[in-house]
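Here, each number is a calculation from the coordinates, and none is a lab measurement. Since this is a predicted model, take the numbers as computed values, not measurements. We place every Cβ from the backbone using ideal geometry, glycine too, and count neighbours over all the protein chains shown.
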Amino acid sequence: MAKKLTILMFSGDYDKALAALILANSAKEMGVDVTMFYAFWGLLLLRDPEKMTLDEKSVYAKMFGIVTPNGPEELPLSKMNMAGLGKKMLQEMMKDVEAPSLTDFLKGARKKGIIFSACKLSVDVMGFKKEELLPEVQIITAQDYLQNALEADMQIFI
Amino acid sequence: MAKKLTILMFSGDYDKALAALILANSAKEMGVDVTMFYAFWGLLLLRDPEKMTLDEKSVYAKMFGIVTPNGPEELPLSKMNMAGLGKKMLQEMMKDVEAPSLTDFLKGARKKGIIFSACKLSVDVMGFKKEELLPEVQIITAQDYLQNALEADMQIFI
Amino acid sequence: MAKKLTILMFSGDYDKALAALILANSAKEMGVDVTMFYAFWGLLLLRDPEKMTLDEKSVYAKMFGIVTPNGPEELPLSKMNMAGLGKKMLQEMMKDVEAPSLTDFLKGARKKGIIFSACKLSVDVMGFKKEELLPEVQIITAQDYLQNALEADMQIFI
């Protein structure tokens, strides 16, 4: 029977998203069942930059939608971001060794059939609409996630 | 036999404390045994704002007691705190969807019988006294925590 | 059979490195097999301050080598670092209760036979050379780490 890995992605940092997606892709390539559960800042990675809307949102949800990063490549580094300079440097260093970008790892994860889910409470609080997220994202509760995670061989919180 | 979840709460951020307590409460409602082990900044969540004292503390422990947040509602956000403005915004967004507050989740966890423990070394280093923490908190060592966590079905570090 | 713990050390913060090494040392003393896998900022803990070099590095890797902390004692705090003042305060508070320093915990872990490994992709991206890291560090892939972690009793991401 296949091993099972669940990743709770809380953080919205570029470098932590990279770490999570590298683990997820690597595990999936080994035949492991991988589920990612995005909550809080993690949801920013699942927004489709083409599909953002301000319609029918509360004042705060509108403001929040505007001030937060639009899609994966706009996420900041958790350390040494230095107004984007540190991130630019990291991206150049990744190119130097021909490492795939965050967007590449995200595409890879989607193509490989890694399951993407989003925390219902976080989606509600942030005022996101289902249509603003990548189309395959399932919106589930913390209990749905836990049910799955408690049966997994490995669970990480990033 | 009941499943078992242990959460090592290292962080002292408002949003991460929310995530931890939402997971803890959700799991407990599902019949899972939940133990939370608070260390380092996480201890700031366990301080009872009514019971803080400066008596019999070293100079550094006194300073530390004064400059750190007094109780759960004073914790900052891990991201976009913007001197409290970002947190205020998050709190308003939570009210908009009638989500419980951090204090509500903490009360819920205490009522449901989630086990609260604190790391002895952290308590000693930060110069906290047992009386400054919520009364049910057990002060235990990292080894006590590990003994329990190694037998659990799921362990997370937040 | 011995229990098994794996720690993925992503963070390069002084306080988080302390937490990771306290857990690792405590577990090892209990007879648990402990493997630490250092990635991204975590690698900064494994650099030998005596052995840093700029030879044969790309421009970005050189810059990166210069602006990042040189060895464990230079790592910043994740919170309240305040240009090093907060860290100095924490270090004094640790001395007050005679707690070992980060360097002590690192030495302890090495002496006890805790396995140190480093993420190959991170090492390549950051442009580190094997000779710049502590001599016993094994450079392995994310899949090597996962193979091991999926069989462990407990896995944490710090």
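The table below lists the values:
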read-out: Dipole magnitude of chain A, debye to nearest 20 (Cβ charges: Lys/Arg +1, Asp/Glu -1, about Cα centre); value: 60 debye
read-out: Cα convex hull of the stretch B:57-96, projected area averaged across orientations, nm²; value: 3.4 nm²
read-out: Peptides ranked, highest mean first, by Cβ atoms within 10 Å: ranges A:38-47, A:120-129; value: A:38-47, A:120-129
read-out: Whole-number Å³ per residue for the convex hull built on Cα positions in the stretch B:1-123; value: 117 Å³
read-out: Student exercise, the stretch A:74-158 dipole from Lys, Arg, Asp, Glu Cβ charges, in Debye to nearest 20; value: 180 debye
read-out: Coordinate range along principal axes, alpha carbons of the stretch A:85-158, Å, largest first; value: 42, 33, 24
read-out: Per-residue average of Cβ from other chains inside 10 Å of A:26-39; value: 2
read-out: Over the protein assembly as shown: helical MRE at 222 nm, DSSP H runs n ≥ 4 each giving -39500 (n - 2.57), nearest 500; value: -12000 deg cm²/dmol
read-out: About the Cα centre, charge dipole magnitude for the protein assembly as shown (Lys/Arg +1, Asp/Glu -1 at Cβ), debye; value: 20 debye
read-out: Along each principal axis, Cα extent of the protein assembly as shown, largest first, Å; value: 59, 57, 46
read-out: Local electrostatic count, A:Phe116, Cβ distance below 9 Å [Lys/Arg +1, Asp/Glu -1]; value: 0
read-out: Number of partner chain Cβ atoms within 10 Å, mean per residue of B:89-97; value: 6
read-out: For the stretch A:6-94: relative contact order, % (alpha-carbon pairs under 8 angstrom, 6 or more apart); value: 34 percent
read-out: Exercise: per-residue mean of other protein chain Cβ atoms within 10 Å, C:104-111; value: 0
read-out: Radius 12 Å from Cβ of B:Ala99, net charge of other residues (Lys, Arg +1; Asp, Glu -1); value: -3
read-out: Most to least packed among B:18-28, A:26-36, A:52-62 [average Cβ atoms within 10 Å]; value: B:18-28, A:26-36, A:52-62
read-out: GluC sites (Glu not before Pro) restricted to DSSP loop in the stretch B:75-158 with at most 11 other C-beta within 10 Å; value: B:Glu98
read-out: Relative contact order [Cα under 8 Å, 6+ residues apart], chain B, whole percent; value: 38 percent
read-out: Charge tally in the Cβ shell below 12 Å around A:Leu75, where Lys, Arg are +1 and Asp, Glu are -1, A:Leu75 excluded; value: 0
